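Following this message is one structure expressed as structure tokens.
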Amino acid sequence: MHTAADIAQEVMTDAYRNWSNITHPKAWVHAAASRALARKIATVEEPVEEVPEPTSLLARPDAIAEWETRHDILPLLRSLPPRQRQVMAWTLADFTPTDIADHLGLSTENVRANLMKARRTMAAHLNAGKEER
């Protein structure tokens, strides 16, 4: 949650600074946030001794567990390979496969294939969860 808050703040600050050059703000923000997250994941950080102070997005450090419980899709998204996760996240943000392909520099067929695989995987997880009950 802290990482998401930091990335959101950085991306929105960059968007403000570059506003006159941005033609598709929603897509620009999603692409910039995706790149920032990829950079963050690629860097190795040293463990810290103290937990960071809560941000305005996270009132209590333990609130993330409650928030995730209400949002069952997050664990499903985490189980997907990175490209499928990225395509599904853009889809959940109301982008079409054509929009996603244009903004990520992929072919529409590639986006549709990854979206189909992601949906199948997520459906299988959901169906397996129903059968366990």
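What is the calculated FRET efficiency for THR13 to ARG35, with r their C-beta to C-beta distance and R₀ = 25 Å, to the nearest 0.05?
For THR13 and ARG35, the calculated efficiency is 0.95.
Continuing with the same structure: Can you figure out the FRET efficiency of ARG112 with HIS24, using R₀ = 22 Å and their beta-carbon distance, to the nearest 0.05?
Once rounded, the FRET efficiency stands at 0.60.
Along the Cα→Cβ direction, 7 angstrom out, place labels at ASN127 and ARG78. What is the inter-label distance in nm?
2.5
Taking the Cα-to-Cβ direction at ASP102 and at THR43 and moving 7 Å from each Cα, how far apart do the two end points lie in nm?
3.2
Per residue of region 5-16, in order, report the coupling 6.51 cos²θ - 1.76 cosθ + 1.60 (Karplus, θ = phi - 60°) as ³J(HN,Hα) in whole Hz, putting x for Gly and Pro.
Ordered by residue, 3J(HN,Hα) equals 5, 5, 5, 4, 5, 4, 5, 5, 5, 4, 4, 4 Hz.
No value in this document is a laboratory result; all are computed from the given coordinates. Every value quoted in this text rests on a predicted model; they were computed, and no experiment measured them. Cβ: placed from backbone, ideal geometry, glycine included. Neighbour counts: every protein chain shown.
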